[in-house]
Amino acid sequence: MSAGTAARRPTTGASMTVVVGFLAFVELTSGVIQGYYTPLLTDVARHLGVHDADVNWLEGSQLMLSALVVPALAKLGDMVGHRRILLWSTAVTAAASLVLPFTDSFAVFLVAWALQGFYVVWLPLEIALVWLRTRDLPNRSAVTAKAAGILVAALQAGAIAGALAGGALVDSFPLWVVLLVPALLVCACFVVVWLGVAETPDPVGGRLDTRGLVLVSLALLAFTGGLSLLRLEGVASPVAWAAVAAGLLLLWPFVRWELRHDDPLIDVRMFRSPALAPVFLTAGLFGVSVLGAQAPLSTFARTDPAVYGYGLGTTGFQTSLLIGVYLIAMIVGALSFPRVAALVSPRLTLFVAALAVAVGFGLFLPLHDTYVQVATNMVIVGLGSGTLVAALPAAAAAAAPPTQTGVATGLTNSVKTVGGAIASCVFGIALLGAAGANAAESVTGTAGTLTGYMTVWVVCGGTALVAAVLLLVVPKEAFTDRGAHAPAA
């Protein structure tokens, strides 16, 4: 049976369970990629003969590429089929992953690492695919929300398994063997999508808006590149500020072009939709904590309180346990969302989730002296974060125009990434600035003073609180099948 034949058959609950099962394997692989390499970065730096600080270029390059590819691939998914783009992006990720074990060139490794970032579009494509394939089901929003929770749970489980496996294998095998493991897993992922996932019913077709793609790519490249330079060179860098300004200015011709185009890359009118605008803003604010705060939390835990007067002084394994507790809480939050939303309402559930993130980071201000206190705070943050990660793409899919489902779900990812990039820059400046004010800490290379970490927690808690308020103004109909595709204001 061909994918096209499968796509024309009516969707049933049983068939959706099979599809979500295959897609869960894709997200498990995504999680492995996100967690596997973290314990290996020092070994990678030694293998490539570069300074530990140069590893930051890996993060920056993949962040910039993810901001560039998601809008284009999400739009192509709507045009030619989400399964097809899922296959293409998986093939690119597999090819890039296979390069990593067999090169000792930092330049080649950097390019391959950036291209591996094509996996960031998987979750938006999957949510769009599920939403469109459930159009014959009466409880479409509930099914999509449940599927999103399962996919995010698989992602976080993969991240936990990846981190544990990477740390264990690197102590026992040559680095090239260790780096080959996720590459083979991505290859298996390609086969799973090829054999197990049917195509989106009735892709909308059309031609890709190449001028819009060039304009938004230049804007995002300049903006995220400028943020990376600010973090590396500091706030006194005129080149960094010029790049940030150029990125913002380039958005103006992009918006004007998209408003005139018959089939735009991104229908910017969605940002004026009373249902979608708060969802996008929430995603950006949420990106501050879910993408920007994890490294500061890890370095805070590793800081020795006997030397600096703050921190937990944890070992690497103890820190991994903290991260594992946080990820498990995210799994619980993601899987709980459909049930809780059915009991109360999706909007109220999201509000409580954002409020939980705000409360969790707020508790860091008075309670950060013991392992139990920090773990408790991270559990609260994780429960709220897992719910938001699962729910925001589903909410965007429900409220988007029928021809823009993939774009809308992709935009939640893109906006979240931009929020994380801004936060990473701000937090890096806050922590480095604090360290620079203390000569002793600067010499020993710690991440920053307690004031810098307080800044991180205040910003994360504050942005989550703003997100909670924004969710209160989302029309409740936006989270139901009847209120989907709310018109722009």
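The values are calculated or read from the model by the stated rules, or taken from the named source; none is laboratory data. Everything quoted here is computed from the prediction, not taken from an experiment. Every residue, glycine as well, gets a Cβ built from its backbone with ideal geometry; the counts of neighbours run over all protein chains shown. Each accessible area value is taken on the protein alone, full model and side chains, heavy atoms only, with ligands, DNA and RNA left out. Shrake-Rupley method; radii C 1.70, N 1.55, O 1.52, S 1.80 Å.
By definition, a body whose alpha carbon gyration tensor gives a ≥ b ≥ c is prolate when a/c is 1.5 or more and a/b is larger than b/c, and segment 307-399 fits this prolate description. Note on segment 64-127: Cα Rg divided by 2.2 N^0.38 Å, N the number of residues, gives 1.16.
Relative to the longest principal axis of the Cα atoms of the chain, helix 56-80 runs at roughly 0 degrees. Treating r as the C-beta distance of Leu249 and Ser105 and R0 as 41 Å, the FRET efficiency rounds to 0.70. The long axis of helix 277-292 is offset from the longest Cα principal axis of the chain by roughly 30 degrees. Just the protein heavy atoms count here, and of the accessible area of the chain at 1.4 Å, carbon and sulfur take up 70 percent. Overall form of segment 240-389: oblate. Here a/c, set by the Cα gyration tensor axes a ≥ b ≥ c, is 1.5 or more, and a/b is not larger than b/c. Just so you know, the Rg over Rh for segment 80-217 is 1.03, from Cα atoms, with Rh as the Kirkwood radius.
Protein heavy-atom accessible surface, 1.4 Å probe, per residue over segment 231-385: 46 Å². Net charge dipole, the chain: roughly 1280 debye, given to the nearest 20, about the Cα centre with Cβ charges of +1 for Lys and Arg and -1 for Asp and Glu. Each Lys and Arg adds +1 at its Cβ and each Asp and Glu adds -1 at its Cβ; summed about the Cα centre, segment 226-313 shows a dipole of about 140 debye.
Between the listed residues Phe364, Trp241, Pro278, the Cα displaced farthest toward the positive end of the dipole of the chain, a dipole computed from Cβ unit charges relative to the Cα centre, is found at Pro278. Entry note, the chain: the mean residue ellipticity at 222 nm calculated from DSSP H runs of n ≥ 4, each adding -39500 (n - 2.57), is -25500 deg cm²/dmol after division by the residues and rounding to the nearest 500.
Between 0 and 90 degrees, the angle of helix 316-343 with respect to the longest Cα principal axis of the chain falls at about 30 degrees.
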